[in-house]
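Contents: one structure, followed by commentary.
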Ligand code: IVH
């Protein structure tokens, strides 16, 4: 993993050191108590490194509450003592630091090679779950590591932590409690509906939820076990076994008892025999991080064997046999400066947050999506607020929540537009996403330019400038008008000579022959992009069948659920006059090679679709070469589907084949990681040869 070590904060004197310790202690307390810290994780890590640097130079001036010497979190009176301390982990930030750590580990174990167990570092809270004869009796937070808070009231709300194990054993299971992305969304919905402030991120939500004793509502969380140890009452045979098993064996045992572990995720703990194997796995986990349904902030690498762990021993804060390889932070706190309201091609008026620029994982972020006005109100966002911004992988950055305790009183309310900011028409506020009353006619230029684009009707010579010209001249008021343009009308326009006119007319004539999937996509039905349009068109085969479909029928299309189906049906009804007009202008309304679906109830008899890729899910990545060189990504996906396959943009266990061209990066790495079949563009061309030319 090519990554620079996160630079430490620079501390210049004892006063700055004392301030840094105070800031870090406050941030750590907020972190462990479920509040939102004023420091994001990255800033906190840098601060602690700066503190450690200063302490190395000034060993006599170390303050007792420095975060470097102590287990994170603090014990409160009345806490339950841990039988074995619940330790924290030291961090490394680069391959070099990791390699150096393995060298020191080897010195301690006296062995050259170590068997490692490598798994995700789950971004939640540590918890100890005590089982007595297989029954879950007590849940305890980490606290200061020697004693923690009793949170047994949460029993029954944590998925993956069964109230009864599959065997009647007395053991302590340790692991992380967190909220998956879906659980977090749900928790914030429920919380704001009860008048609460939304949590800034899943971690805070889990911390706050775990400690809340008297809530009128419960929201689910998820547990991942990463440790299994005996309790004083454990029978001696089992106790000895637990003390002797390797970490990987303990996890298999936990899984067998019914405890949820990483084994059931896309990033299971694996055993690695060499440093290179560990680093490969680190890369593999980092590559899929953005797509995981739960947050991870690194990778934990442990000496797998009990004897190695014993030989390495533990310090007061962290074991010497395990290390956290931190991944770059995906969240930073910055300020929300403005909110812009942009009208999209379908008339949706979408708010976008303008941020004080902030660097997240190497990119400077200045904008973040805000979903809709209701969401802004629900989260009580204000201009000038400090906000938690999340950006993972290629996903568009989003604002998670305001950091309410950093408010100064200077924050201003966000004003919602009363009229469409583009055309001044009324706004339809009937749904969560506001829409200009003019619908897709509001931003006609954007909607026509989209329809003419390469992946839709592919009308050469009809760029945005020409579209503006046509609209301004009053020649085009909707998509269908393009197809009834006359030669003399075009010739009368400025900068339209004979050649340009004839070329444009020829391109329009060609566009009329595009397959239904592209016509549908050009219509810009909300919620249906290129791949969904292809699926709908292939399923129904003709526009008449699409229009005849009710929500139930629409749901038979792969990827369309109960929520999306009615809105697609409603929007197609809204588009009916335009579709009629397009059909009357001679635009093709059928999908070549597709057959209409059998009537409802008869699907089971339908023959499976054939083709060289039948039943396969295919991901295309990198630059295509050879016969496929000229094909856009969309055209490649069309080819996959014509060959009977399903195209997808992300690699997962369900992927059957990855076509990796030149420069393929993380998707190729992920395919290798998951052992998925890879093909070069040439090999793929041979596979679908019957459909080429
Ligand atoms: S092992 C004594 N494994 O990260 C070894 N910890 O920053 C301690 N964590 O205190 C734990 N995922 O709360 C381990 N797969 C994993 C983990 C993990 C997350 C947490 C744990 C720990 C903290 C240290």
>> Could you tell me the center-to-center distance, by alpha carbons, between the range 406-454 and the range 259-282 in angstrom?
In response: 46 Å
>> Using only Cα atoms and rounding to the nearest 10 degrees, what angle (0 to 90) does helix 14-33 make with the longest principal axis of the chain?
In response: 70 degrees
>> Using only the alpha-carbon atoms, how far is helix 247-257 inclined from the longest principal axis of the chain? Give it as 0 to 90 degrees, nearest 10.
In response: 70 degrees
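Could you grab the relative contact order for the range 181-249? Cα pairs under 8 Å, six or more apart, rounded to a whole percent.
On the way: 32 pairs, mean separation 17.5, N = 69.
Relative contact order, the range 181-249: 25 percent.
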> How far is helix 564-574 tilted, in degrees, relative to the longest principal axis of the Cα atoms in the chain, given as a value from 0 to 90 rounded to the nearest 10?
Replying inline: 20 degrees
> Cα centroid distance between the range 464-521 and the range 342-385, in Å?
Replying inline: 35 Å
>> Please compute the contact order of the chain in relative form: average sequence separation of alpha-carbon pairs under 8 Å and at least six residues apart, divided by the residue count, as a percent.
In response: 9 percent
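Quick note: the coordinates plus some simple rules give every number you see, no bench work behind them. Computed from a predicted model, the values in this text were never measured in an experiment.
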